[in-house]
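What follows is a short report on a single structure.
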Amino acid sequence: MNLTQDELWNTIATLGWDVREDNIVIEIGGTQVSGIYQGEDYNKKWAAQYGDRKYNKDAFIVLKNLSRNDDTKSQPMDREHKPHHGTPEVKKIA
């Protein structure tokens, strides 16, 4: 399937996003960043220098609508926690 610009706009409209008001960002997933500091004499053929970014063959593009991201923290329940599935009572054998 070849993605067209019209398909992209239709998908955004299907999600109900407003491209003029919403904070939509584009990110790349499927990457890796070297987190190991290499000294001056590191093997450049095998080791990546600290902070180098590599894109995997299956890297992908992510569209995020930050305006609709619910980043509120967990709130305590307004009732006592009594799960209906509870831990079953174990009968003791005397």
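Just so it is clear, none of the values below were taken in a lab; they were calculated from the coordinates. Keep in mind that this is a model prediction, so the values were computed, not measured.
In table form, for the structure just shown:
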| item | result |
| --- | --- |
| Kirkwood hydrodynamic radius of region 5-68, Cα pairs, Å | 14.8 |
| Amide H contacts of Gly30 (H built 1.01 Å from N, under 5 Å, at least 5 apart or other chain) | Phe60 |
| Karplus-derived HN-Hα couplings along region 57-74 (A = 6.51, B = -1.76, C = 1.60, θ = phi - 60°), whole Hz, x at Gly and Pro | 4, 9, 4, 9, 9, 10, 9, 10, 9, 5, 5, 10, 7, 8, 10, 6, 6, 4 |
